[in-house]
Amino acid sequence: MRIFEFHFNPKAKKDRFFKTFSFEKVLVGKDFTTNVYGIGELSNVLPQNSSFLDTIAHVVSEEYGESSDSPPRRMTGRTQGKSVVTPEIVFKKALREVDSFLLKEKKQGNVDWLGNLHLVLVAFSFFPRAHKVTFSLAKSGNTQVFLARKNQLVNIAKDKTLESAVVGKLFAQDKLIVATHELSSFLESRDLLRDFAFLKEQKQYQELLKQKEKELHKVAGVLFVGVIEELPLLTQPKRNPEAFLQVSFFRSLPLSAKKKIVLVVLLYAVLMLGSLLFK
């Protein structure tokens, strides 16, 4: 998987803040791993809330575990007496914690962010054994999210909230495109989003955006593109064609079989020796 990020004039306005964050290759289960990304915008806010997005990023990181080898806290269900962790359980738990944080801020009188928080959280989960990739996604505010598949572009998070996650499967060459509000409006008005569905390389995005460089100087925002290159595969162990006669295999045979193999080898050696002597 490849990730492309483009930031446009992030400091153009003093009351607007942008942040992207990621927690990559976080182990959350025995048979899958998850890469988590956040794209946030906070507009029309007071300076004391400049670190608001940083706090949200910290809340998400806490729910996915502090180290890459740590399972998420309190996120297991039970099936037939066994603990089960799924990407959806992990993601929804993280969303609940973010929602709890926002509710707490509201109760404490910090309402500056209401109507001004635009946030997208997306988790890509990779299942090598099942040869598949899934995603879980939620958003708050006006940031737009599109799925590009086979040169078609679909808005997959329209009217969605942090309480209603979108879950789906991804296939090779799929692209997930996230654009903050002002930037997405600009891209749509120039039909650039449709063009993005055909692009594969970061250089192609850069060249297309460079054509609109003068106009983009007036636009602030973040563009995030996630490209699924190939579905994950487990590396198949290489078979050694000579392993059949290895000592460990010989020792595992019954005594009668061992005697027969020894006799065959000795007979072969005698025949070879005889052929050399009587040439």
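The values are calculated or read from the model by the stated rules, or taken from the named source; none is laboratory data. As the structure is a computational prediction, the values presented were derived from the model and not from experiment. Note: ideal-geometry Cβ built from the backbone for every residue, glycine included; neighbour counts use all protein chains shown.
General observations
- Within region 138-178, the set of residues being farther than 20 Å from G40 by Cβ and of a type in the set (V, I, T) comprises V154, V167.
- Failed condition for S125, given (1) in a loop (DSSP other than H, G, I, E, B); (2) small (G, A, S); (3) touching a Pro at 6+ places or on another chain (Cβ under 7 Å): (1)
- Against the criterion of being modelled with pLDDT of 60 or more, among the polar types (S, T, N, Q) and more than 19 Å from H118 (Cα to Cα), N44 does not qualify.
- Residue among K175, K210, K218, K214 that alone is in the same structural domain as T143 (by TED's automatic domain parsing), under 13 Å from M1 (Cα atoms) and either modelled with pLDDT of 90 or more or not polar (S, T, N, Q) (or both): K175
Yes/no matrix, rows are residues, columns are (1) of a type in the set (A, V, I, L, M); (2) in contact with a His (Cβ under 9 Å, 6 or more places away or on another chain); (3) closer than 19 Å to L119 by Cα:
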site: K139; (1), (2), (3): no, yes, yes
site: V167; (1), (2), (3): yes, no, yes
site: T180; (1), (2), (3): no, yes, yes
site: F186; (1), (2), (3): no, no, yes
site: S189; (1), (2), (3): no, no, no
site: Q204; (1), (2), (3): no, no, no
site: E229; (1), (2), (3): no, no, no
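- In summary, strands (runs of 3 or more DSSP E) completely within region 147-193 and bearing 1 or more residues that are farther than 28 Å from Q211 by Cα occur at 166-170.
- Pairs are defined by a Cβ separation below 6 Å, a sequence spacing of at least 6 or placement on different chains, a first member in region 13-33 that is under 22 Å from S50 (Cβ atoms) and assigned to a loop (DSSP other than H, G, I, E, B), and a second member that is at pLDDT 80 or above and of a type in the set (A, V, I, L, M, F, W, C); the pairs so defined are D15/V45.
- The selection criterion, being assigned by TED's automatic domain parsing to the domain that holds A220 and more than 16 Å from the chain's Cα centre (by Cα), holds for I156.
- Those residues of region 58-73 which are at pLDDT 80 or above and over 28 Å from G115 (Cβ atoms), in sequence order: none
- Only listed residue being at pLDDT below 90 and of a type in the set (S, T, Y), chosen from T20, T33, T55: T33
- Annotation note: of V145, V167, the sole residue that is under 14 Å from the mean Cα position of the chain (by Cα) and touching a residue at least 24 places away in the same chain (Cβ under 8 Å) is V167.
- Close Cβ contacts (under 8 Å, 6 or more residues apart or on different chains) running from residues in region 182-200 that are more than 25 Å from G40 (Cβ to Cβ) to residues that are in a helix (DSSP H, G or I) and at pLDDT 90 or above comprise D195/L208.
- K200 assigned to a helix (DSSP H, G or I) and at pLDDT below 90: no
- Among (1) assigned to a strand (DSSP E or B); (2) surrounded by fewer than 21 Cβ atoms within 10 Å (Cβ to Cβ), the one test that L137 misses: (2)
- Single match in V227, V178, V222 (criterion: in contact with a Lys or Arg (Cβ under 6 Å, 6 or more places away or on another chain), under 22 Å from L121 (Cβ atoms) and of a type outside the set (S, T, Y)): V227
- Residue within region 229-244 that is at pLDDT below 90 and assigned to a helix (DSSP H, G or I) present: yes
- Test: residue in region 78-90 that is modelled with pLDDT of 90 or more and either crowded, with 22+ Cβ neighbours inside 10 Å or not assigned by TED's automatic domain parsing to the domain that holds D174 (or both): no
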